[in-house]
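Take this structure, written in structure tokens, and hold onto it; I'll ask about it next.
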2 protein chains.
Amino acid sequence: MTGSPIPTLNQPDTARWAAIRQARQNLPRHLDALKDFCGIPSISADPIRRDDVRRAAGWLAGRLQAMGLRQVEVFPTRVHPMVFGELPAGQPDRPTVLIYGHYDVQPEGPVDRWKSAPFTPAVSGDFLFARGAADMKGPLYATLAAVEAVLSQGPPPVNLKFILEGEEEIGSPSLGPFLVEHASLLAADACLNLDAGLLDYDCPTITYGLRGILAVELRVHGPSQDVHSGIFGGVIQNPAEVLVRLISALRGPDGRVSLPGFYDRVCPLEAAERAELARLPVTEASLLAQTGSPELWGEPGFSPVERIGARPTMEVNGLVSGCSGESFATIIPATALARISFRLVPGQDPDEIYARLIQFLGPLVPRTVRLEPKLLAGSPAVLVNRASRATRALEQALETAWEKRTFYQRGGGGIPVVTQMRSILGLESVLTGLAGPADNCHGPNERLHLPTFERGVETVIHFLHPFAQRI
Amino acid sequence: MTGSPIPTLNQPDTARWAAIRQARQNLPRHLDALKDFCGIPSISADPIRRDDVRRAAGWLAGRLQAMGLRQVEVFPTRVHPMVFGELPAGQPDRPTVLIYGHYDVQPEGPVDRWKSAPFTPAVSGDFLFARGAADMKGPLYATLAAVEAVLSQGPPPVNLKFILEGEEEIGSPSLGPFLVEHASLLAADACLNLDAGLLDYDCPTITYGLRGILAVELRVHGPSQDVHSGIFGGVIQNPAEVLVRLISALRGPDGRVSLPGFYDRVCPLEAAERAELARLPVTEASLLAQTGSPELWGEPGFSPVERIGARPTMEVNGLVSGCSGESFATIIPATALARISFRLVPGQDPDEIYARLIQFLGPLVPRTVRLEPKLLAGSPAVLVNRASRATRALEQALETAWEKRTFYQRGGGGIPVVTQMRSILGLESVLTGLAGPADNCHGPNERLHLPTFERGVETVIHFLHPFAQRI
């Protein structure tokens, strides 16, 4: 059993410790339920999984109702449904905590690279293996288990709201409109979000910065269909070759993104923040161990932690053209597709970067082909207020559950909902997570560290009580 | 009905014209049989089609036997079987013609880009649509129909041999060893090969030059599995990006391949040959119409015909990395794969070019990733003797069937068997074909022009008779 020992003295917050006890006693049942939940292939990006995504939403709504939440609703959207649940606090004038989660998952990717079937959750040692176990069905379920435990002791100490979306992995297209339309329903004092990672299982972590993203699809069109490379090689421009030249043009020999103006608005790191980031237990060795890469890489002049959290970058996320399966074919492909994304930091505007990208690539495209660019997603970076009441409550909860000092990190990934909650609802998020960097979020063999899951349940229980008291 | 009118006067070669008549009368039956043949998905590159490839070999052996060939055998090889058939001439001291063909086909590619199912042959207008209809089940079947017609008039005027392979589309790995092992069985005076294209349906064409090929797979390995581009973007080198930089490095801004030494051994074109190539009815407009490309492209200083037939080039045939399906995923891919090929001209040695390629790329690969190159196929270019008896017999046959002057072209594609027949058996090939450049060999909606197919049957009948007389 993990977590802090339950005090034997009669504490002023007996209900909190009773809830902790309830959560610990019910862990086996929770694990079974989480396996059920992870068994639903709710891949938001895959149109043929639409019903599975809906099924996951229904599963969650059922859980919320069973836990005793009052107003549980599944709102349809243009894509995947939004699950809402609400329960007022037992006393008046209590603050409201909105718990955010997403129940959709990434595509499973190549199934042959999974050791167990991605949607047949399997426990092995301390881990639960399943697509979505870490990102973020496990963390989402931890909030349910925590609220269930709190409610087992009577009405909650805060007004509770849940907003659980099914489109996070596809860029949350319905979230913005939903927030606008249901602003009063969602009104809260803080949003708790467990979709940010942990530095490691033994490092309670609050993420106070998130990178933004600009994701773009570049499709180069050549001949109207694949043509024989013997018959036409030498007279027909190869769209795959044009595409690779376009991508190559986006980075200079110094390793920096060479898109003009890319770094112009990047907020520089202050010396104090650099010193604090240097404290994080992220080493070259740990990054190499987590990824299996032979050697680190990146922008000169910045530490790995800074490059991940506080510097922008560009990635090729996908390439496909011509004979991309098992077999070789001597063709000039009709089209070539790349999916690239830029991770953005505070100061950078995704719309501006996209405009610069189009402007930069245009003159590089020969008239022998046609470039079709497409904006897939854009979201600016965000920095969370570290002095807020909610952040401090979360810090205290983490330190109670882990019995260690909290680490503050800037996350490398983006969580668009954090930006939207702020810009549309004026609502600040507090961010932590239960997934470590070795948990293969988005890759094969995604896994949830079960002892960390247990600590996560307890963290949420602790958070809801002191957060209530501090009003 | 196409082809030359059957002479009404009593010709010295009555048997030839009777054979032509038999072929014309049996065309509907031949079309049905060809549809059967094209319905077998004999994709040599696809391991799960192994039995289909074998089935196509059996189908051919059955046809050869039914036509009255004496020694019909299906030889197993390490990959796909070789079909052999033989029939001595009716008179002694006649020359021997070895008819070459391949019964395997390219993979069908994206099925949604086909207007009819690739292995459900469909006639529409003048065309038969099916994978392999043009490359080269149609041309191969034309030789069967021609020989059947010849044999309907009695013993053949030449010794006939067939060698039909099932591995052409995968680089003919078993052909060389087979030729070595069965050299005396295959001994002949000329090899007739209908796997070269036509300039157009109304252009009887002999291909006297073929480009060679060097096909290579480049695989770049990065992290041991796909990792989250937010969590690791900025510290882990992206193998897809390394791959695109490697490919980009292979061509200079002048459009020429920039691999050092690539052009060193290229035999220059003589003025006389350039003048003759300039006669070919290949225009910028025809190439654009055939491919749907917006504009031509290529090495400066050479005409399109020269660039296709007499100049080497490089093509990206395939790319795949990361999220290559319908959905976007924010990952750094574990690997990135490119399939590239170089079309080579007389003078260039594929082994030397491959060695130069590896030597050139090595220093460009950063230590943050690993490059795994693989030689897929290598074959030098070939020039056929235009003054040979067989070439002149083929010219006469084409001109009789088409009633037009023959065009001599250098083909852009490669036919490794031509090289191997020469180097291993000392056997010269004569090359023509029935597929026009718009027939989508290797692409979707591959098709056979049926009037050209009929002319092809008659060409082979004509070829076998005058070839016999000239000995």
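Please specify each residue of the range A:391-414 satisfying the condition of being basic (Lys, Arg) and more than 21 Å from B:His228 (Cα to Cα). Break it down into steps so the answer makes sense when it comes.
Residues of the range A:391-414 basic (Lys, Arg): A:392, A:404-405, A:410.
If the condition is that a residue be basic (Lys, Arg) and more than 21 Å from B:His228 (Cα to Cα), then A:Arg392, A:Lys404, A:Arg405 are the ones that fit.
Spot the failing condition for A:Gln409; the list is (1) away from chain B (no Cβ under 14 Å); (2) crowded, with 16+ Cβ neighbours inside 10 Å, and only one is missed.
(1)
Hey, any hits in the range B:160-174 for a residue that's out of contact with any Asp or Glu (no Cβ under 7 Å at 6 or more places or on another chain), in the same structural domain as B:Gly90 (by TED's automatic domain parsing) and in a helix (DSSP H, G or I)?
Among the residues of the range B:160-174, at least one is out of contact with any Asp or Glu (no Cβ under 7 Å at 6 or more places or on another chain), in the same structural domain as B:Gly90 (by TED's automatic domain parsing) and in a helix (DSSP H, G or I), which makes the answer yes.
Separate question: Tell me, yes or no, whether the range B:224-236 has at least one residue that is in the same structural domain as B:Val316 (by TED's automatic domain parsing) and either of a type in the set (Ser, Thr, Tyr) or more than 30 Å from A:Asp200 (Cα to Cα) (or both).
The answer is yes, given that some residue of the range B:224-236 is in the same structural domain as B:Val316 (by TED's automatic domain parsing) and either of a type in the set (Ser, Thr, Tyr) or more than 30 Å from A:Asp200 (Cα to Cα) (or both).
Let me ask something else about it. Name the residue that is farthest from the other protein chains (Cβ to nearest Cβ), counting only residues in the range B:379-401 that are small (Gly, Ala, Ser) and surrounded by 22 or more Cβ atoms within 10 Å (Cβ to Cβ). Steps first, answer last, please.
Kept after step one, since they are small (Gly, Ala, Ser), are these residues of the range B:379-401: B:379, B:381, B:387-388, B:390, B:393, B:397, B:401.
Restricting the remaining residues to those that are surrounded by 22 or more Cβ atoms within 10 Å (Cβ to Cβ) gives B:379, B:381, B:390, B:393, B:397, B:401.
Working: B:Ser379: 11, B:Ala381: 11, B:Ala390: 23, B:Ala393: 26, B:Ala397: 24, B:Ala401: 23 Å.
Restricting to residues being small (Gly, Ala, Ser) and surrounded by 22 or more Cβ atoms within 10 Å (Cβ to Cβ), the top hit is B:Ala393.
Hey, B:Arg131 hits all of (1) within 20 Å of B:Gly68 (Cβ to Cβ); (2) in a loop (DSSP other than H, G, I, E, B) but one; which does it fall short on?
Answer for B:Arg131: the failing condition is (1).
Within the range A:358-368, count every residue that is aliphatic (A, V, I, L, M) and assigned to a loop (DSSP other than H, G, I, E, B). Working first, answer last.
So the first thing to find is which residues in the range A:358-368 are aliphatic (A, V, I, L, M), and the list is A:358, A:361, A:364-365.
Now narrow it down to the ones that are assigned to a loop (DSSP other than H, G, I, E, B): A:365.
Going through the range A:358-368 one residue at a time, the tally reaches 1.
Being more than 18 Å from A:Leu344 (Cβ to Cβ) and within 14 Å of chain B (Cβ to nearest Cβ) is the filter here, so list the residues in the range A:204-217 that pass it.
So in the range A:204-217, the residues more than 18 Å from A:Leu344 (Cβ to Cβ) come out as A:204-206.
Of everything in the range A:204-217, just one residue is more than 18 Å from A:Leu344 (Cβ to Cβ) and within 14 Å of chain B (Cβ to nearest Cβ), namely A:Thr205.
Please verify whether B:Ala310 is at the interface with chain A (Cβ under 10 Å from one of its Cβ atoms), buried (at least 21 other Cβ atoms within 10 Å of the Cβ) and at pLDDT 95 or above, treating the condition exactly as stated. Steps first, answer last, please.
Details: at the interface with chain A (Cβ under 10 Å from one of its Cβ atoms): yes; buried (at least 21 other Cβ atoms within 10 Å of the Cβ): yes; at pLDDT 95 or above: no.
Judged against the criteria, B:Ala310 is not a match.
Need the failing condition index for B:Leu337 against (1) part of a loop (DSSP other than H, G, I, E, B); (2) of a type outside the set (Asp, Glu); (3) touching a residue at least 24 places away in the same chain (Cβ under 8 Å), just the number.
For B:Leu337, the exception is condition (1).
Which condition number in (1) in contact with a helix residue (DSSP H, G or I) (Cβ under 7 Å, 6 or more places away or on another chain); (2) over 28 Å from A:Leu319 (Cα atoms) is the one that B:Ser341 fails?
Tallying (1) in contact with a helix residue (DSSP H, G or I) (Cβ under 7 Å, 6 or more places away or on another chain); (2) over 28 Å from A:Leu319 (Cα atoms), B:Ser341 fails exactly one: (2).
Which residue out of A:Arg245, A:Arg219, A:Arg256 is of a type in the set (Lys, Arg), closer than 30 Å to B:Leu210 by Cβ and not assigned by TED's automatic domain parsing to the domain that holds A:Ala438? First the steps, then the outcome.
Numbers: A:Arg219 fails: closer than 30 Å to B:Leu210 by Cβ; A:Arg256 fails: closer than 30 Å to B:Leu210 by Cβ.
Step by step, each of A:Arg245, A:Arg219, A:Arg256 is checked, and only A:Arg245 is of a type in the set (Lys, Arg), closer than 30 Å to B:Leu210 by Cβ and not assigned by TED's automatic domain parsing to the domain that holds A:Ala438.
Consider A:Gly197 carefully, then state whether it is part of a strand (DSSP E or B) and small (Gly, Ala, Ser). Before the answer, list the steps.
Numbers: part of a strand (DSSP E or B): no; small (Gly, Ala, Ser): yes.
No: the conditions fail for A:Gly197.
Moving to a separate point now. Within the range A:251-271, which residues are over 27 Å from the mean Cα position of the chain (by Cα) and aliphatic (A, V, I, L, M)?
A:Ala271
Just name the residue that is farthest from the other protein chains (Cβ to nearest Cβ) out of those in the range A:325-344 that are surrounded by fewer than 24 Cβ atoms within 10 Å (Cβ to Cβ) and hydroxyl-bearing (Ser, Thr, Tyr).
Top of the filtered list is A:Thr335.
Is it the case that B:Leu98 is at pLDDT 95 or above, within 23 Å of the chain's Cα centre (by Cα) and among the hydrophobic types (A, V, I, L, M, F, W, C)?
Values: at pLDDT 95 or above: yes; within 23 Å of the chain's Cα centre (by Cα): yes; among the hydrophobic types (A, V, I, L, M, F, W, C): yes.
The answer is yes for B:Leu98.
Restricted to the range B:219-250, and to residues that are of a type in the set (Ser, Thr, Tyr) and within 21 Å of B:Ile331 (Cα to Cα), which residue is farthest from the chain's Cα centre (by Cα)?
B:Ser229
Out of curiosity, is B:Val320 closer than 30 Å to A:Glu326 by Cβ, assigned to a helix (DSSP H, G or I), facing another protein chain (nearest Cβ under 7 Å) and touching a strand residue (DSSP E or B) at 6+ places or on another chain (Cβ under 9 Å)?
Details: closer than 30 Å to A:Glu326 by Cβ: yes; assigned to a helix (DSSP H, G or I): no; facing another protein chain (nearest Cβ under 7 Å): yes; touching a strand residue (DSSP E or B) at 6+ places or on another chain (Cβ under 9 Å): yes.
Here the answer is no, as B:Val320 does not meet what is asked.
What do you reckon, is B:Thr291 farther than 30 Å from A:Ser42 by Cα, outside the structural domain of B:Lys374 (by TED's automatic domain parsing) and polar (S, T, N, Q)?
Values: farther than 30 Å from A:Ser42 by Cα: yes; outside the structural domain of B:Lys374 (by TED's automatic domain parsing): yes; polar (S, T, N, Q): yes.
Taking the combined requirement at face value, the residue satisfies it.
How many residues are buried (at least 24 other Cβ atoms within 10 Å of the Cβ), within 14 Å of another protein chain (Cβ to nearest Cβ) and of a type in the set (A, V, I, L, M) if we restrict to the range B:435-471?
Within the range B:435-471, residues that are buried (at least 24 other Cβ atoms within 10 Å of the Cβ), within 14 Å of another protein chain (Cβ to nearest Cβ) and of a type in the set (A, V, I, L, M) number 1.
How about the range A:345-378: which of its residues are β-branched (Val, Ile, Thr) and either crowded, with 17+ Cβ neighbours inside 10 Å or within 14 Å of B:Val320 (Cα to Cα) (or both)? Give the steps one after another, and end with the answer.
Just the residues of the range A:345-378 that are β-branched (Val, Ile, Thr), to begin with: A:345, A:353, A:358, A:365, A:368-369.
Selection gives A:Val345, A:Ile353, A:Val365, A:Thr368, A:Val369.
Can I ask one more? Which residue pairs have Cβ atoms closer than 7 Å, lie 6 or more positions apart in sequence or on different chains, and pair a first residue in the range B:347-365 that is in contact (Cβ under 8 Å) with a residue 12 or more places away in the chain and within 25 Å of B:Val242 (Cα to Cα) with a second residue that is of a type in the set (Val, Ile, Thr) and assigned to a helix (DSSP H, G or I)?
Final answer for the pair search is B:Val365/B:Val242.
Also, quick follow-up: I'm trying to understand the selection: among the residues of the range B:165-194, which are within 14 Å of another protein chain (Cβ to nearest Cβ) and modelled with pLDDT of 95 or more? Walk me through how you get there before you give the answer.
So the first thing to find is which residues in the range B:165-194 are within 14 Å of another protein chain (Cβ to nearest Cβ), and the list is B:167-173.
Across the range B:165-194, the qualifying residue is only B:Glu167.
The values are calculated or read from the model by the stated rules, or taken from the named source; none is laboratory data. In this text, all values refer to a predicted model and were calculated from it rather than measured experimentally. Counting neighbours? That spans all protein chains shown, and the Cβs are built from the backbone with ideal geometry, glycine included.
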